[in-house]
Amino acid sequence: MSSSDVKQTDLQRWAHRFAIACTGLLLFMIAVGAMVTTTRAGDTNPGWSWRFWEWFTSWWQAQGGRAWEDGHRVIGTVIGFFGIGLAFTLWKAEKGKPRRWLGVIALGLICLQGVLGGLRVLVVSDADVRDTVLAYTGGGYDVELRRAIKAMFHGVIAQVILSFIACVVVVTSTRWAMPWQAQKSRDAGLSRKLSLLLVPLAVGQLALGTLVRQTGDHVMWHVGGAFVISTGVIVMLMRVFRFHATHTPLRRVATLIAFLLITQVFLGVVPWMLTQGNLVSSDPASTVAILRTAHVTVGATLLMLLSVQALWLHRLALPSDGERSAVTTAGEFEHSLRTRLHDYTVLSKARLSGLVMVTVAAGYFIGSPGKPNVVVLLATMIGVSLVAAGTSAFNQYIERDKDARMERTRNRPLPSGRMTPPHAFAFGVVTSIVGLAIVLLGVNVLAAAMTGLTSAIYVLIYTPLKTRTTLNTLVGAVPGALPPMIGWVAATGGINLHAFVLFAILYVWQLPHFWSIAWLYREDYKEGGMRMLSVEDSDGGMLARQI
């Protein structure tokens with residue numbers, strides 16, 4: 001083995017060690033943070049110093065709740081340094097491989113978590129920060145509610161980061177690098193899907209738990225969520241032990257999940273029984289406070305294990321009709337995963353969805369009467385882009401047979417057979433519903449209605465017209481010109497003449513753009529049976545005059 005190979009191996013080992021350290025410290029920090037919330041110690045140190053070493057001396061001298069708060073900050077600082085180590089070593093160890101970005105993503109998430117934690121404190125203690133936050137998030141709700149929302153995101157993101165870095169621990173391990181004999185069976189597909197579904201369900205349940213701890217309300221929502229997620233986990237465990245128990249990683253993770261699920265139910269029920277529904281304990285040494293802290297910590301651990309289980313299931317359990325070979329290396333699995341992710345970007349037309357976000361933002365900033373409401377702007381951009389992604393999936397679902405006849409599109413996921421039509425349709429349904437819900441709840445009803453109208457025109461009118469009339473482009477430009485109007489509506493709450501001017505500008509701009517593309521691919525459109533103007537106008541004279 002050459003010296004460079006030895007160096008790479010050492011760097012990989014150090015990346016694995018840094019990932020383990022980050023995971024352990026994150027779990028400890030979540031436990032301390034839960035104690036901060038339980039004892040309402042978040043306000044005991046209202047300041048926020050960028051000289052991180054001051055937190056160590058403050059923590060050393062602190063007493064009572066202040067010790068929990070300062071200790072939480074100290075642990076977060078240490079995690080930040082370990083995160084830098086993880087990002088650096090993984091980047092150097094995995095030169096040229098997409099895996100090296102995992103450390104960068106982990107470090108970015110850790111930094112985001114620190115910013116949210118700081119804002120949670122400063123939005124109350126610092127008037128300048130509070131005024132800035134109010135200016136850029138609107139004045140529709142009070143500071144305490146904003147703070148509770150930030151605390152909820154702060155708590156949930158910590159648990160998501162824990163799960164992500166735990167998966168980094170797995171993929172940087174020597175066990176992951178070994179070739180594995182994957183199990184092909186007809187039961188694998190459902191197990192893989194259920195394992196993925198349980199992860200966002202667990203995140204939602206943790207969010208509900210954080211909401212209960214911050215506000216003292218909505219307990220029954222949390223109880224209902226616990227019933228749903230527990231049922232799903234039990235079904236998942238039964239499938240693992242019945243169909244996939246031959247693999248040691250799956251069996252061990254499932255055993256841990258089963259034990260922790262029972263523990264979690266106990267930790268959730270007993271404190272409520274002891275206090276008869278009293279959600280706050282002021283004594284940090286009380287049994288109830290310790291039980292509640294353990295409840296949060298075990299919940300985070302369960303999410304982490306569910307994420308690891310989903311990762312291993314996708315490596316070791318294969319559908320009987322899957323293309324991947326049964327004997328697979330880590331590199332082959334990661335290549336297949338990248339291929340699947342690329343298929344989703346093609347199905348959703350990710351670049352087009354990104355352009356939609358730009359035009360939505362342009363309409364918002366043009367229409368905004370003052371400082372932008374960042375929350376509303378982000379909700380509009382994300383929601384509309386998700387609906388655009390779902391609309392693209394519906395379009396490719398409808399046109400899959402035509403795409404198979406065209407050179408330009410025959411390698412798309414559906415005509416190539418890499419993705420099944422029901423899968424693509426389900427993706428379109430989920431992304432469209434989630435996007436509409438974000439716009440409806442985060443912006444306003446009119447913006448949501450216009451977003452739905454944009455999708456309906458594209459899928460139900462423009463797509464069928466492509467095979468019926470050369471005027472289809474005139475209709476297809478309508479949904480392309482609506483996003484700036486949606487941004488305007490998000491900023492102003494209504495529609496006026498200026499919004500229609502924005503629509504007209506983008507509508508007129510699109511026509512020569514679309515006609516030029518149609519001329520370049522006229523032979524393809526002819527093979528696919530599309531009645532484009534470029535297909536009907538053989539010499540291009542009429543098309544040139546229109547452009």
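Nothing in this text is a laboratory measurement; each read-out follows from the coordinates by a stated rule. Since we're looking at a predicted model, the values are computed, not measured. Cβ sites come from the backbone with ideal geometry, for glycine too, and all protein chains shown count toward neighbours.
For the residues Trp176, Trp509, Trp312, what sequence is obtained by ranking on other C-beta atoms within 10 Å, fewest first?
On the way: Trp176 20, Trp509 13, Trp312 25.
In order of increasing Cβ crowding within 10 Å: Trp509, Trp176, Trp312.
Each label was represented as a point 7 Å from its Cα along the Cα-to-Cβ direction; for Val115 and Trp101 these points are 1.9 nm apart. Modelled this way, with points 7 Å down the Cα-to-C-beta line, the labels at Thr248 and Phe28 are 2.8 nm from one another.
Note the full-extension length gain between Trp221 and Arg40 as 0.36 nm times their separation in residues minus their Cα-Cα distance, in nm to one decimal. It would help to have the intermediate numbers written out before the result.
Values: separation 181, 0.36 × 181 = 65.16 nm, distance 2.25 nm.
Contour length minus Cα-Cα distance gives 62.9 nm.
Listed by chain and number, the lysines whose alpha-carbon sits under 24 Å from that of Lys184, ignoring those within fewer than 8 places in the same chain, are Lys193. Ala177 label point, 7 Å along Cα→Cβ, cut-off 12 Å on backbone N: hits in region 78-108? Residues 93-94 fall inside that zone.
Provide Phe227, Phe81, Phe18 in ascending order of the number of other Cβ atoms located within 10 Å of each residue's Cβ, fewest first. Mind showing how you got there, number by number?
Details: Phe227 10, Phe81 14, Phe18 26.
Starting with the residue having the fewest Cβ neighbours, the order is Phe227, Phe81, Phe18.
Straight Cα distances below 28 angstrom link Lys526 to the lysines Lys349, Lys402, Lys466, with same-chain residues fewer than 8 positions distant left out. Just to verify a number: FRET efficiency for Thr255 and Thr231, C-beta to C-beta distance, R0 = 25 Å, to 0.05? It comes out at approximately 0.85.
Comparing Leu237, Phe153, Leu211 along the charge dipole axis of region 147-280, the residue lying farthest to the positive side is Leu237, per the Cβ-charge model. Considering every alpha-carbon pair of region 438-481, the percent of pairs per 5 Å bin, from zero through the bin containing the longest distance, is 5, 24, 24, 17, 13, 9, 6, 2. With a Förster radius of 60 Å applied to the C-beta separation of Val430 and Leu274, the computed FRET efficiency comes to 0.90. Based on C-alpha pairs under 8 angstrom that are at least 6 apart in sequence, region 342-546 has a relative contact order of 26 percent.
Once backbone amide H atoms are built at 1.01 Å from N, Ser185 has Leu318, Ser320 as its partners under 5 Å, excluding neighbours fewer than 5 places away on the same chain. Put in line by how crowded their Cβ is, counting other Cβ atoms within 10 Å and starting with the fewest, Tyr462, Tyr364, Tyr507 read Tyr507, Tyr462, Tyr364. What you get for region 342-546, charging only the Cβ of Lys and Arg (+1) and of Asp and Glu (-1), is a dipole of about 140 debye around the Cα centre.
Its residue count N sets the reference 2.2 N^0.38 Å, and the alpha-carbon radius of gyration of region 342-546 equals 1.05 times that reference.
For Ala504 and Ile84, a Förster radius of 60 Å and the Cβ-Cβ distance give a FRET efficiency of 0.75, rounded to the nearest 0.05.
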